[in-house]
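To start, the structure itself, in structure tokens.
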Amino acid sequence: MYNVAIIGAGPAGIFSALEIVKLKPDWKVVLIEKGDKIEDRKCLLREGYSKCPTCKKCGLLCGWGGAGAFSDGKLTLTPDVGGHLVDYMSRKEVEELIDYSDKLYLEFGATDEVFGTDRKTFDELERQAALAELKLVHSPVRHLGTERSLDVLKNMQDYLMDKITILNNVSAKNLIVECEQVKGIILDNGETIEAEYTIIAPGREGADWLTHEFAKNKIGMVNNAVDVGVRVELPAPVFEPITNKLYESKLIYYSPTFGDAVRTFCMNPNGEVVQENYNGIATVNGHSYANIKTRNTNFALLVSEQFTEPFKEPIAYGQRIASLANMLGGGILVQRFGDLLDGRRSTPDRIKSSIIEPTLKCATPGDLSLVLPYRQLTSIIEMLYALDKIAPGTASRYTLLYGIEVKFYSARVKLTNDLETEGVKNLFTIGDGAGVTRGLIQASASGVHVARVICSR
Ligand SMILES: Cc1cc2nc3c(=O)[nH]c(=O)nc-3n(C[C@H](O)[C@H](O)[C@H](O)COP(=O)(O)OP(=O)(O)OC[C@H]3O[C@@H](n4cnc5c(N)ncnc54)[C@H](O)[C@@H]3O)c2cc1C
């Protein structure tokens with residue numbers, strides 16, 4: 001019998017464990033993680049495989065540290081980016097939680113440099129963006145870099161190792177709910193974990209499982225937007241006037257044709273594009289190392305779609321689009337912007353006769369117009385032209401577009417302000433899997449928040 005069971009060792013789960021251990025050192029806590037320990041995590045693609053072998057359990061997304069473990073750890077230190085925590089508490093409270101979580105990252109070895117704190121520089125860039133009809137969001141960033149990020153996570157694992165029970169390579173299969181109160185979890189190895197409180201933090205990887213399990217228990221969910229788009233890769237100097245000052249810029253544009261919000265996301269100066277695998281579907285992402293620099297910068301351009309009644313399956317919608325790209329290219333597609341505009345596919349020869357060398361080697365040159373719906377494609381093209389005004393060269397015919405990047409934030413669990421699941425007592429649902437966060441720092445902050453709530457009861 002545990003006081004608290006936590007599902008998922010991503011930042012949300014880890015930070016709830018860290019806070020509980022601090023507030024209630026004598027409590028029995030179990031953390032269940034379907035992937036490996038941090039030191040055993042492996043992504044074959046990162047180790048030189050040319051195609052994603054679609055492992056049974058994706059090493060990039062599963063294991064200690066969650067989806068962010070191999071990311072370059074950009075902690076975006078503002079409530080305006082990376083989640084919806086302000087929907088559940090005051091902005092001041094979210095700021096405090098972010099500040100607290102950031103300090104914990106520092107305690108466990110994060111770098112102390114923060115980009116984008118100089119207000120004067122930001123104001124000038126904001127002015128330039130406004131002239132191009134772009135909104136620049138103020139978002140200071142602490143950049144750990146992939147290597148440092150792994151060290152920080154390892155330090156957290158070592159710290160918690162003898163304070164709580166950590167179960168690796170085992171999944172939560174079913175929740176035990178009796179009389180509208182959670183009682184524990186049944187694992188996929190048949191074992192039962194009894195606990196007074198349960199925190200579910202399965203990330204986007206576990207979002208399908210969560211949706212299914214909650215539907216079974218009649219727990220309310222609301223549709224979230226789905227973000228579909230491409231990853232843009234261009235020569236690093238094109239974006240240097242911005243990235244040198246802010247590291248990462250969060251820009252929002254309302255496309256003239258459809259009025260949809262298109263935003264830049266996860267900008268990686270001198271970084272590389274990577275493939276990830278969601279339940280067998282190859283999608284694209286990006287990161288950058290603290291010490292290894294490529295000649296390119298990459299970022300996502302995402303178009304948000306909020307579906308209305310009767311459609312209730314935004315995750316499936318995003319998956320279908322990504323699957324279509326997989327069907328045509330056997331994985332990720334890559335296309336030069338010029339080829340897209342000319343209405344022709346990119347070929348290996350056309351990609352070769354370019355000024356940019358793709359950092360994702362396994363992408364197949366192809367035609368994104370056969371994959372992306374007209375609505376999203378038009379919005380992306382319009383956004384590229386808007387960005388070209390503040391970073392000339394963005395709309396170059398050599399700019400590479402990789403598809404598809406999808407963010408599955410869809411199922412948003414109905415939660416109280418304590419992030420307790422509506423209708424089931426003592427069940428807390430946090431992080432990206434709950435649809436309440438979209439990034440490392442807010443996921444971490446959500447973990448701290450529920451830990452405090454639970455410990456105060
Ligand atoms: C390549 C990449 C780069 C990124 N870069 C950044 C960045 O620079 N900055 C940023 O802010 N965000 C970034 N993100 C997003 C960030 O990683 C996520 O927002 C964050 O990890 C979410 O935390 P989480 O704890 O909610 O979920 P996750 O980190 O996804 O962790 C969930 C964990 O739960 C486990 N799990 C799932 N289901 C079960 C189950 N049934 N039983 C047991 N365990 C289960 C999974 O294996 C996983 O380890 C990046 C993501 C990726 C993939």
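Scan region 158-166 and tell me whether some residue there is in the same structural domain as residue 433 (by TED's automatic domain parsing) and closer than 30 Å to residue 312 by Cα. No, region 158-166 has no match at all.
Is there a residue being within 26 Å of residue 237 (Cβ to Cβ) and either in contact with a Cys (Cβ under 7 Å, 6 or more places away or on another chain) or part of a loop (DSSP other than H, G, I, E, B) (or both) anywhere in region 332-347? The answer is yes; a qualifying residue exists. For region 233-278, filtering for residues that are in contact (Cβ under 8 Å) with a residue 60 or more places away in the chain, of a type in the set (D, E, K, R) and over 29 Å from residue 319 (Cβ atoms) leaves 1.
Restricting the search to region 68-96, which residues are out of contact with any helix residue (DSSP H, G or I) (no Cβ under 6 Å at 6 or more places or on another chain), outside any loop (DSSP other than H, G, I, E, B) and surrounded by fewer than 24 Cβ atoms within 10 Å (Cβ to Cβ)? 87, 91, 92, 93, 95, 96 - these are the residues of region 68-96 that are out of contact with any helix residue (DSSP H, G or I) (no Cβ under 6 Å at 6 or more places or on another chain), outside any loop (DSSP other than H, G, I, E, B) and surrounded by fewer than 24 Cβ atoms within 10 Å (Cβ to Cβ). When each of 14, 20, 32, 7 is tested for being near the ligand (Cβ under 10 Å from one of its atoms) and more than 20 Å from the chain's Cα centre (by Cα), the lone residue that passes is 32. The number of residues in region 1-47 that are outside any strand (DSSP E or B) and among the aromatic types (Phe, Trp, Tyr) comes to 2. The condition (being away from the ligand (no atom under 16 Å from the Cβ) and among the basic types (Lys, Arg)) is satisfied by just one residue among 407, 425: 425. Within region 407-429, being within 30 Å of residue 346 (Cα to Cα) and crowded, with 24+ Cβ neighbours inside 10 Å holds for one residue alone: 408.
The residues on offer are 305, 309, and the sole one that is modelled with pLDDT under 95 and over 20 Å from the mean Cα position of the chain (by Cα) is 309.
Per-residue answers, yes or no, for (1) touching a Leu at 6+ places or on another chain (Cβ under 9 Å); (2) within 16 Å of the ligand (Cβ to nearest atom); (3) more than 30 Å from residue 411 (Cα to Cα):
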{"position": "268", "(1), (2), (3)": "no, yes, no"}
{"position": "276", "(1), (2), (3)": "yes, yes, no"}
{"position": "312", "(1), (2), (3)": "no, no, no"}
{"position": "315", "(1), (2), (3)": "no, yes, no"}
{"position": "321", "(1), (2), (3)": "yes, no, no"}
{"position": "329", "(1), (2), (3)": "no, no, no"}
{"position": "344", "(1), (2), (3)": "no, no, yes"}
{"position": "355", "(1), (2), (3)": "no, no, yes"}
{"position": "364", "(1), (2), (3)": "yes, no, yes"}
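Farther than 26 Å from residue 222 by Cβ and either outside the structural domain of residue 375 (by TED's automatic domain parsing) or hydrophobic (A, V, I, L, M, F, W, C) (or both) - does that describe any residue in region 247-265? Yes - at least one qualifying residue is present in region 247-265. Would you be able to say whether some residue in region 141-152 is under 29 Å from residue 4 (Cα atoms) and of a type outside the set (A, V, I, L, M, F, W, C)? Checked against the condition, which is being under 29 Å from residue 4 (Cα atoms) and of a type outside the set (A, V, I, L, M, F, W, C), region 141-152 yields at least one hit. Scan region 430-457 for residues that are among the hydrophobic types (A, V, I, L, M, F, W, C), touching a Leu at 6+ places or on another chain (Cβ under 8 Å) and either assigned to a helix (DSSP H, G or I) or outside the structural domain of residue 97 (by TED's automatic domain parsing) (or both) and the total you get is 9.
The numbered conditions (1) surrounded by fewer than 19 Cβ atoms within 10 Å (Cβ to Cβ); (2) not assigned by TED's automatic domain parsing to the domain that holds residue 301 are all true for residue 244 except (2).
The values are calculated or read from the model by the stated rules, or taken from the named source; none is laboratory data. The structure displayed is predicted, hence computed values, not measured ones. We place every Cβ from the backbone using ideal geometry, glycine too, and count neighbours over all the protein chains shown.
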